[in-house]
Amino acid sequence: MNQRTQHLQQLDANHHLHPFSDLKAMHEAKKTRVISKAQGVYIYDNDGNKILDAMSGLWCVNMGYGQQKIIDAVNEQMHELPYYNSFFGTTHPPAAELTALLAEIAPAHMNQVFFTSGGSEANDTVLRMVRHYWSSLGQADKFTVISRENAYHGSTVAAASLGGMTSMHEQGGLPIPGIVHIRQPYTFEECVKTGGEIDRDAFGIETAQALADKIDELGENKVAAFIAEPIQGAGGIIIPPDTYWPEIQRICNERNILLIADEVICGFGRTGEWFGSEYYDITPDLMPIAKGLSSGYLPIGGVMVADRVAEVLMQENVEFNHGFTYSGHPVCAAAAIANIQIMQSEDIVERVRTNTAPYLAKAWQTLADHPLVGEARSLGMLGALEVVEDKASYKRFEDTAGVTNICRDFCFDNGLVMRALSGKMIIAPPLVINEAEIDELVEKAWRCLDLTVDAIYS
Ligand SMILES: Cc1ncc(COP(=O)(O)O)c(C=O)c1O
């Protein structure tokens, strides 16, 4: 390890409070990984080690690192207009042009966008917008938003409340009032509970029915909306049974509640469609977006709004008292425009659907033969391995988080970023990954699973 790396680690340990980290351990260990540069699907640490980034940073660098057109667009915009706001009747070329581009690629019924700085702010916006919507229709009692256990919608107070992670709720007295949670369609977890295979289609219907039951319990006139990720990301790449989403859509329509599809991960090609909602053929009323919008080059998010919702918000001369200094930031918007234009010119969504994702699915499935893997599932450019002690009985390890953390560390030390989530190893590689790189990813994953077996049974 070179001296500069040690110096940076020392600075970091002394001063940096990291997100989602054990602050004491980070402060004491002085072993933070220092990532200094990146190109394509690879990141490089400060000592020059090359690491395949199978998480696209934090599910965001969809077009890979080093995209010259994004870099140039940002540079030019910095010279032209580094900042102006979109409050009080002003706009600027990048924000205006990006709205039109988003309306072009979004589902046909969505033609309006509200900009934020990221996904959490997008979900804060969603909460305020759906309540404002019902209130504008004279139904202010339609206030409660239903979400799902183990969902992740961000880290602000509203977004973490919408999320269903108990570890987050425990810190800070969440959720805030007016947000409730129902079961998630997590098939493998159900197999773990029952100790055997289940009827997956029936389980999809059963978990969707939890939404109908909750609406009926609260009263249809009290419920504003249902929010869910098309595929739960940070919860563990939870791919619902095919029966789930059609039933959810039917219930939302039948009971007159808004459907919010959180597309922060699934949006911008990750499922092989522009949006995960299109993959599942659902018609959301609101879609929070972020991450892949700019491939993470600069922070930008937003909420795509369906025409029928926008019409109500625009029906009277009432201000929506909500907005952020950086809503539609010109440089971030320029990065997003360049990113989407590259995706269009390289036909990346089509390539993912017909080529990259099927290749990944086949290669990923080979990992199901590993003794540690109870299930290898993938959809589009998302994949998860369920790590188990006994495959036949779907038995997890007692210290399931400990085992996957060991595997995660082996991955990093052997040139691969996979994320560990208690009992699962997950990937969300850049959409531009090629076949040789997918082979490398899977070979390394297998080797690191082997190393994990050696470590836990030695
Ligand atoms: C589905 C989903 N929604 C919202 C967020 C929050 O986005 P941000 O971290 O940009 O605030 C995330 C972040 O991972 C996410 O996965």
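S345 to A202: extension gain in nm, 0.36 nm per residue of separation minus the Cα-Cα distance?
Full extension from S345 to A202 adds 47.3 nm.
Of K291/K444; K31/K424; K30/K391, which ones are farther than 29 Å apart at the Cα?
Checking Cα-Cα distances, K30/K391 exceed 29 Å.
In sequence order, what are the phi-derived ³J(HN,Hα) couplings for the stretch 373-389 according to the Karplus relation 6.51 cos²θ - 1.76 cosθ + 1.60 with θ = phi - 60°, rounded to whole Hz, with x for glycine and proline?
After applying 6.51 cos²θ - 1.76 cosθ + 1.60, I find 9, x, 7, 10, 10, 8, 8, x, 9, 9, x, 9, 10, 8, 8, 10, 7 Hz.
Taking the Cα centre of each part, how many Å lie between the stretch 120-152 and the stretch 362-425?
35 Å
Rounded to the nearest 5, what % of DSSP beta bridges with both residues in the chain are antiparallel?
70 percent
Which chymotrypsin sites (Phe, Trp or Tyr not before Pro) does the stretch 55-160 hold that lie in a coil by DSSP with at most 12 other beta carbons within 10 Å?
Working: sites: W59, Y65, Y83, Y84, F87, F88, F114, F115, Y133, W134, F143, Y152; in loops: Y83, Y84, F87, F88, F143, Y152.
Here the chymotrypsin sites (Phe, Trp or Tyr not before Pro) that fit, given the DSSP loop and packing criteria, are Y83, F87, F88.
Convex hull over the Cα atoms of the stretch 312-436, averaged projected area in nm²?
Orientation-averaged projected area of the Cα hull: 13.3 nm².
Within the set of other residues whose C-beta is less than 15 Å from the C-beta of H370, count the net charge using Lys and Arg as +1 and Asp and Glu as -1.
On the way: positive: R377, K391, K424, K444, R447; negative: D369, E375, E386, E389, D390, E443, D450, D454.
Within the 15 Å Cβ shell, the charges total -3.
At a Förster distance of 60 Å, what's the computed FRET efficiency of E217 paired with H7, Cβ-Cβ distance as r, to 0.05?
Taking R0 as 60 Å, the efficiency between E217 and H7 is 0.55.
What list of whole percents do you get for P(r) of the chain, with Cα-Cα distances grouped in 10 Å bins up to the one holding the largest distance?
Result, from short to long distances: 4, 20, 30, 28, 14, 4, 0, 0 percent.
Which of the lysines could a cross-linker span from K142 if the Cα-Cα distance has to be under 29 Å and same-chain partners fewer than 8 positions apart are dropped?
In chain and number order, the partners are K214, K222.
Taken together, the values in this text are just the output of simple stated rules run on the coordinates, not laboratory data. Quick caveat: nothing in here was measured; it's all calculated off a predicted structure. Neighbour counts run over all protein chains shown; Cβ positions are idealised from the backbone, glycine included.
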